[in-house]
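This report concerns only the one structure given below.
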Amino acid sequence: MSLVNFTTREITCKIVYYGPGRSGKTTNLHYIYGRVPDSRRGRLVSLATQTDRTLFFDFLPIDLGQISGFSTRFQLYTVPGQVYYNATRRLVLQGADGVVFVGDSQARQLDENLESLQNLQSNLLEHGVDIRTIPLVLQYNKQDLPRELILSAADLDDALNFRGVPSVSADALHGKGVFETLKGISELVLKKLAAGTAA
Amino acid sequence: MTSALNPKYSFDTFVVGAANRLAVTAGRTVAENPGAAYNPLFIYSGSGLGKTHLLMAVGHAAKKAAPALNIEYLTLDEYVEAFHAAIAAGQGDAFRRRFQNVDVLLVDDVQFLTNRKEMQSELLRLTEALQVGGHQIVLTSDRPPPEIADLDERLISRLSGGLVVDIGAPDYETRVAILRRKAEERGAKFEPGVLETVAGAESGNVRELMGALNRLVAFQAVNDRSINAETAKQLLGIGSEGADGGKAAARQGAGPGARGPGDEFGDFLADVTVTVGKAVEAWRARVGEAVLRWEGEGYRTRRLEALLERDTPSAVDEVIASFTQDVERLKELEAEVAELDPQAAGQSVFRDPERLGEAEEVATKVRDGAAPPPGPSAAFPLAAYAVGPSNEVAVGAARAVLKQPGKKYNPLVLVGKSGLGKTHLLNAIGLELARGKRAVVACLSTQAFVDELIAAIDGDRVDWWRARYRRATALLLDDIHLIAGKERTQEELFNLFNLLQDKERQLVFTAPAPPHALPGLEERIASRLAGGLVAEITEPDREVKRAVLERLLGQQNASPDPALVDYLADRPAESVRGLVGELQRVVGAAAAQDGPLTAGLAREVLEGQAPRDSRRSAGFRTSGIVVSSLGGIKSREKIVWDWSDVADRVIEEFR
């Protein structure tokens, strides 16, 4: 997918929110959806189970309008977190320009986080993408929970962020860090896109 | 039937922004090199974004660069009309011929080709003809060729075959720049923030922007008070939250009031805008422009392209600047080398800034190889040249040459018998020319010129030899008649002559007779020599002789006896050299007798008995029979001098 199209002057970014089940990926999207003016967002497509778990994926298109003469669109996706939906995850990852890894800050979820991160790596590899080259931002969600239940951002950095990518502490439910994350990943993606479409 | 180019629509008045930079660059390239770079150039954009302006700007720029160019601007409708009129008048062929002879054809609004089959085939034919003839064609349309409905496939591919560029809607910054410039043109002044507000309102086209500006200008003029940003907003019906709010949020420069609901999204948008602006457009555009430009001039642009491949290149402008500097240096080197050795200049190293070091080496090598050609002798200064009626034409010509080397008399041929001072004058001209900055004066005898060429042929370095002389800013050859019969030298001289004359470099020759009277000279050389000024130096007149004598006597520190000078100057002398010979004999005699230099002595020496040796040096009196030191046939004079006493007496008595 050519994402910066100089002929049609379009920029399209596909950003995938990845992470273990119940880490708050869809919450991120919901929060963003709520903050984007009507005229700029498409329908938030959410295929959820009865218990509100993402069954297939969420999809939120955002139109940022003309930026520097480019009509700019963001497509935000989430993947189902549960282990057994790996085929879907792989599908959604296809053609992603950037990945937000939404980690669960709860101490007891650390293994799930690690497992999901490894899963991300292997799924990317299936598409021939090296995780070291794709724009990636880590979001440590649920930092609003009581201190004794969670790991600090620094601890999580130690545990998960061994590649030194940007990381953001977040409370997606209340919106803290959500846009910061989006900004972070956008910046990485746009810079990569700009460089990648060398004439 | 052709519209004139509107003088207002030039590149100078065209506001360049990210959205139109590519189109403008392409336009400039085309204007600088019509028919060479992008042919055809197809520019498309929505209405009111500057297509016509750009098209006319290309016309203006091309005209400015080469005033002789035949440039036609017309809209497609005008073209169609003209065509129909021509057909109706039975002048279809004349019409075609006329347009095929246009050097730069600018056609506006070609989208109206839809449903005009015969015009399409006409345009196809014209485009082909123009391209074949190396003529430039620039077209504009409101959509790219494939999207023009019902357009012939061949025409689509033909029109898309050059460069198809679009002009996007101007971004916020460009809109502000346009508004500022237009306001300035109209002499209108606005409070800070007003123009920014107008620019902040989403209007996809410059004409609408102009409309909004006009309304503000009119309002200010009518109410005679300046308006502020808020009034402007009300006046133009913008800025209200809601439908416009979201859009305005994208223009974060539009002021704090323009931010849409949800600060977070606004912030995000602002952030992305900055990122896109930084990452996608600004530096990319600058680099792209530089690549486009230098590639167009035939330089390798790997260094710049590498920039585009990097994630976040640092110091883009520095890289571009250093690249440009390198290219300029390459240009200098190439020009220098081309002068010294035209063959070496074509090397690819001069087109690749990455190989600047190699280019420098090549240049050094060429420079070392090309020692300067022999220069004029310092023994013949112009100041020491005696002037009189017998040579004033030649001296006058020499002065004219020195005033305007290469422009007035080129070549200058000094004609006269041996010993009249041609060589002196030639060297004097050379010395004066050599005073010029960066002057390389080749001044030598034709014999030396021939010998050098022979040595060069022998050493298989004729190219080097040629390069040496080709870089000369002036070529002065003594005794050009010696080239007679030397075919190769004549051939080389012929080429060198043409080359130097083309570059307006001075050529001076000396010869014993006018060019056409010189035997053994090829007609092409003789006619070229005769083509400048042939100035004759005749036998020295009294004035010249006096001047020479006074100078020589002055040099000997002898107080010249006026009677002596008069006596010597009055004696007939065929040449200056002869005169000098006579004087030397007198001086020699005086030295031998350890007596003063007097007219009496001179008379005695020159008319009475004289030493044999000095007699011999007076070559001008020889009959043309070679004087051999081994005896044998002597000259008539010589034979007489053997009985000098008798002879002198006879002459004395005869007088």
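Read-outs throughout are calculated quantities, based only on the coordinates presented, and are distinct from any laboratory measurement. All of these numbers come straight from a predicted model, not from anything done at the bench. Note that we place each Cβ from the backbone using ideal geometry, even for glycine, and neighbour counts take in every protein chain shown.
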Exercise. Which order do peptides B:419-428, B:227-236 fall in by mean Cβ count within 10 Å, highest first?
Worked result: B:419-428, B:227-236
Seminar exercise, completed: Calc'd 3J(HN,Hα), segment B:571-583, phi into Karplus 6.51 cos²θ - 1.76 cosθ + 1.60 (θ = phi - 60°), Hz, glycine/Pro = x, comes to 5, x, 9, 7, 8, 5, 4, x, 4, 4, x, 4, 4
For this session: Excluding residues on the same chain fewer than 8 positions from residue B:407, give the lysines whose Cα lies under 28 Å from its Cα.
Result: B:64, B:331, B:417, B:422, B:437, B:503
Exercise. Other chains near A:171-184: what is the mean number of their Cβ atoms within 10 Å of each residue's Cβ?
Worked result: 2
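If you take the beta carbon distance between residue B:418 and residue B:322 as r and set R0 to 60 Å, what does 1/(1 + (r/R0)^6) give as a FRET efficiency, to the nearest 0.05? Walk me through the numbers on the way to the answer.
Working: r = 61 Å, r/R0 = 1.02.
With R0 = 60 Å, the Cβ-Cβ based efficiency is 0.45.
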Exercise. Average partner chain C-beta neighbours within 10 Å, per residue of B:165-172?
Worked result: 4
For this session: Taking amide H positions as placed in the peptide plane 1.01 Å from N, state which residues far from residue B:443 in sequence (5 or more) or on other chains have amide H under 5 Å from it.
Result: B:375, B:476
For this session: Tell me the label-point distance for the pair residue B:160, residue A:152, using the 7 Å Cα-to-Cβ offset, in nm and rounded to one decimal.
Result: 6.1
For this session: Mind putting together the pair-distance distribution for segment B:382-536? All Cα pairs, 10 Å bins, whole percent per bin, short to long.
Result: 11, 45, 35, 8, 1
Exercise. From the backbone phi of segment B:211-220, what are the Karplus-calculated ³J(HN,Hα) couplings (6.51 cos²θ - 1.76 cosθ + 1.60, θ = phi - 60°) in whole Hz, Gly and Pro given as x?
Worked result: x, 4, 5, 4, 4, 5, 4, 4, 4, 4
Exercise. Using modelled backbone amide H atoms (1.01 Å from N, in-plane), which distant-in-sequence or interchain residues come within less than 5 Å of residue A:67's amide H?
Worked result: A:72
Seminar exercise, completed: Residue by residue through segment A:76-92, the couplings from Karplus 6.51 cos²θ - 1.76 cosθ + 1.60 with θ = phi - 60°, in Hz, x for Gly and Pro, are 9, 10, 10, 10, x, x, 4, 4, 6, 9, 4, 4, 5, 4, 4, 4, 5
Seminar exercise, completed: For B:27-34, A:126-133, ranked highest to lowest by mean beta-carbon neighbours within 10 Å, the order is B:27-34, A:126-133
For this session: Could you sort B:491-503, B:146-158 so that the peptide with the highest average Cβ count within 10 Å comes first and the rest follow in order?
Result: B:491-503, B:146-158
For this session: Could you list the residues of segment B:167-207 with an amide nitrogen less than 15 Å from a label point located 7 Å from the Cα of residue B:234 in the Cα-to-C-beta direction?
Result: none
For this session: Please give, to one decimal in nm, the separation of the simple spin-label points placed at residue A:91 and residue B:36, each 7 Å out from Cα toward the Cβ.
Result: 5.7
For this session: Quantify how strongly other chains surround peptide A:31-42 by giving the mean number of their Cβ atoms within 10 Å of each of its Cβ atoms.
Result: 5
For this session: Sequence neighbours fewer than 8 away in the same chain don't count; with that in mind, list the lysines whose C-alpha is under 23 Å from residue B:189.
Result: B:8, B:233
Problem set entry | Rg followed by Dmax, in Å, when segment A:4-192 is reduced to its Cα trace | 15.8, 54
Exercise. Rounded to the nearest 500 deg cm²/dmol, what is the calculated helix-only ellipticity per residue at 222 nm for chain A, with -39500 (n - 2.57) per DSSP H run of length n ≥ 4?
Worked result: -10000 deg cm²/dmol
Problem set entry | 5 angstrom amide H check on residue A:161, placed H, neighbours 5+ away | none
